[in-house]
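Have a look at the structure below before the remarks.
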Amino acid sequence: MLLSGLALPALNLEESSGSEKQKLFKEDTSKLPFREFDVVVAGGGTAGVVAAISAARQGAKTALLEAKGYTGGTVVEGGTALHSFYNLWKAFPGVEKRQVVKGIAQEIIDRLLLIGGTTGHGDVTGKIDYDCVCTAIDTELYKLVVLEMLDEAGASVFTNTLVAGAVKKGKNIDGIITQSRMGREFFKGRCFIDSTAYGDLSAYAGAEYVELNDHPVCNSMGLGNVNIEKLYTYLVKNNALGDLAYGIRDGKDGQIIRMGSESGYTIRGKLPQEFVDGVVKLGSGLITTTVHDNYLMFIKVNYKLPVSPTNRDEVAKAELIIRQNQFKTLELFRKYLPGCENAFIARTSPSLNIRRGRTITCDYDITLDDVIGGRHFEDDIMAYGFHDSAPRYQIKNGGTYGIPFNALLVKGIDNLLAAGMLITSDFQAHMSTRNTVCCMGQGQAAGTAAALCALKKCSTRDLPYNNLRDALLKENVYLES
Ligand SMILES: Cc1cc2nc3c(=O)[nH]c(=O)nc-3n(C[C@H](O)[C@H](O)[C@H](O)COP(=O)(O)OP(=O)(O)OC[C@H]3O[C@@H](n4cnc5c(N)ncnc54)[C@H](O)[C@@H]3O)c2cc1C
């Protein structure tokens, strides 16, 4: 069902019709203190950070609004590693491995390399399912590096600032209403980017969207005090090693930086049945990366919500269930996995991670045929060559497909761009575009475009593509010629 605006889903009027009528309170927004920017980026996560850096570097006065106390988003909370800067080449004899995403995403990795905050790009061996390059990051150093890069670019960062509403003037957003400990404020802007993952800004601005609820939510934990080599030896001895990658760990190259057993994802029964049954029931498993000795960085615990993760009340219930399941997972790891006997929970995601919230209707919706057919467009803003479900879905001939600028233009709004997991409705096409490195590339394009629109005082649909392409190439973005 296509939705539009925020009142309906937030208040759940549809489902409660017939019972108690929802009362509405009209807020007076005419007297809020306001600040003025060229570009306002809503959501300082994977895509939003890159968007704000690129907009500020283009010379636009840029604000980044982030609800949490740090920037980084799901890339520092959820996943296994950054997937992927490279094409999927292994299944295509004669095809070369190529780095197809560069720009600010690679700059972040370069900065992290200098301070021991990444494994670097490590080839994954083992099952062909994981035919990819794994770039794992130290989540805490990532938070530091991106804040520094935002600062150097001259972006104004407003953390602990929730995007709480939008005010429209015709087909444009005039400004965003925020809530922080400084009260409610109004951020006026010329061009806006929705990189909230949930699509909050688009929904507040009345854009069309769908809530597909086609993924489980998750909370990822880091386990400390783990003997990685002992665990590896155990998995190998039991023929239970799923995938493996080597890279930099604690400053030394050539170390194990990624390890996966089959259990929890595809069970081959090589581990004790009680362990396998336990982790499957809990929604957890063992696919993990690490940048440090004695640490398993992301142990995911999944949970399928009955409704979309925009439903606050169901999310509150899930927070408890998942945290209980994390502890039960820890107990299973301690009991059954040698090397994990003394493990403890060193980190959890501060709140649920989502794989999708609202999917915002944009001028173009990337299809699975576009992805696997390696389609490029006249308005490509990046090239991408990874799919989460490889080898079932590969990009044609081990090449790339393009993300068109049209796919970032929020339908019906003239000064709003979307970037990140909130684009692409098809489940399997999204299994490619939602990945971190693709979100970062989209962020760079959205930030650059928003700055150009603000400085030229034009709508997003009137921006000449060649201007955008030239600016992206200048900032080292890779485009297939
Ligand atoms: C469990 C899990 C595992 C994953 N594993 C991998 C993996 O191994 N490799 C990979 O490449 N990808 C992986 N992904 C996918 C990838 O991490 C995400 O799709 C991607 O990071 C999304 O980026 P984003 O910028 O759209 O959203 P996010 O990075 O989530 O950023 C959204 C930001 O907006 C902020 N925000 C939200 N609402 C508001 C508001 N109203 N006001 C202000 N701020 C707001 C949030 O706090 C957040 O910082 C995984 C995802 C999950 C959930």
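The values are calculated or read from the model by the stated rules, or taken from the named source; none is laboratory data. Bear in mind the structure is a predicted one, so any value in this text is a computation, not a measurement. Methodologically, a virtual Cβ is constructed for each residue, glycine included, from the backbone with ideal geometry; neighbour enumeration extends over all protein chains shown. Only protein heavy atoms, including side chains, enter the accessible area calculation; ligands, DNA and RNA are left aside. Shrake-Rupley method; radii C 1.70, N 1.55, O 1.52, S 1.80 Å.
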Anything in segment 224-236 that is among the β-branched types (Val, Ile, Thr) and surrounded by fewer than 21 Cβ atoms within 10 Å (Cβ to Cβ)? List them, or say none.
Thr233, Val236
Among the residues that make up segment 266-275, is at least one of them of a type in the set (Ser, Thr, Tyr) and either in contact with a strand residue (DSSP E or B) (Cβ under 7 Å, 6 or more places away or on another chain) or surrounded by 16 or more Cβ atoms within 10 Å (Cβ to Cβ) (or both)?
no
Quick one: which of Gly103, Gly43, Gly120 is surrounded by fewer than 24 Cβ atoms within 10 Å (Cβ to Cβ), within 21 Å of the chain's Cα centre (by Cα) and closer than 30 Å to Lys456 by Cα?
Gly103
Tally up the residues in segment 212-229 that are assigned to a loop (DSSP other than H, G, I, E, B) and out of contact with any helix residue (DSSP H, G or I) (no Cβ under 6 Å at 6 or more places or on another chain), please.
7
Write out, first by first residue and then by second, each pair whose Cβ atoms fall under 7 Å of each other, whose residues are 6+ apart or on separate chains, and whose first residue, in segment 300-321, is in contact (Cβ under 8 Å) with a residue 60 or more places away in the chain while the second is acidic (Asp, Glu).
Leu305/Glu314; Val307/Glu314; Ser308/Glu211; Thr310/Glu211
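Residue-wise test of (1) away from the ligand (no atom under 16 Å from the Cβ); (2) in a loop (DSSP other than H, G, I, E, B); (3) in contact with a Pro (Cβ under 7 Å, 6 or more places away or on another chain); (4) at pLDDT below 95.
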residue	(1), (2), (3), (4)
Ser263	yes, yes, no, yes
Lys270	yes, yes, no, yes
Gly278	yes, no, no, yes
Thr288	no, no, no, yes
Phe298	no, no, no, yes
Val301	no, no, no, no
Of the residues in segment 175-198, those that are more than 14 Å from the ligand (Cβ to nearest atom), over 23 Å from Gly72 (Cβ atoms) and open to solvent by 30 Å² or more (accessible area, probe 1.4 Å) come to Lys188, Arg190
Sole residue being more than 16 Å from the ligand (Cβ to nearest atom), on the phi > 0 side of the Ramachandran plot and surrounded by fewer than 20 Cβ atoms within 10 Å (Cβ to Cβ), chosen from Asn239, Asn213
Asn239
I'd like the full set of residues that are open to solvent by 10 Å² or more (accessible area, probe 1.4 Å) and either in contact with a His (Cβ under 9 Å, 6 or more places away or on another chain) or in a helix (DSSP H, G or I) (or both), limited to segment 454-478.
Leu455, Lys456, Arg461, Asp462, Tyr465, Asn466, Asn467, Arg469, Asp470, Ala471, Leu473, Lys474
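Go over the candidates Val410, Val371, Val437 one by one and state the one that is among the β-branched types (Val, Ile, Thr), open to solvent by less than 10 Å² (accessible area, probe 1.4 Å) and closer than 30 Å to Tyr295 by Cβ.
Going through Val410, Val371, Val437 in turn, the sole match is Val437.
Would a scan of segment 336-356 turn up a residue that is free of Cβ contacts under 8 Å to residues at least 24 places away in the same chain and on the phi < 0 side of the Ramachandran plot?
Scanning segment 336-356 turns up at least one residue that is free of Cβ contacts under 8 Å to residues at least 24 places away in the same chain and on the phi < 0 side of the Ramachandran plot.
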Being within 15 Å of the ligand (Cβ to nearest atom), farther than 30 Å from Arg184 by Cβ and aromatic (Phe, Trp, Tyr) narrows it down to one of Phe158, Phe85, so name that one.
Phe85
Of the conditions (1) in contact with a Leu (Cβ under 7 Å, 6 or more places away or on another chain); (2) part of a strand (DSSP E or B); (3) open to solvent by less than 50 Å² (accessible area, probe 1.4 Å); (4) over 24 Å from Ala449 (Cα atoms), Arg347 clears all except one; give me its number.
(1)
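Which of the strands (runs of 3 or more DSSP E) contained wholly in segment 361-453 include at least 2 residues that are over 21 Å from Gly72 (Cβ atoms)?
By residue number, 380-384, 401-404.
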In segment 63-78, how many residues are near the ligand (Cβ under 6 Å from one of its atoms) and open to solvent by 40 Å² or more (accessible area, probe 1.4 Å)?
3
Of the residues that sit in segment 133-164 and are small (Gly, Ala, Ser) and surrounded by fewer than 21 Cβ atoms within 10 Å (Cβ to Cβ), which one is farthest from the chain's Cα centre (by Cα)?
Gly154
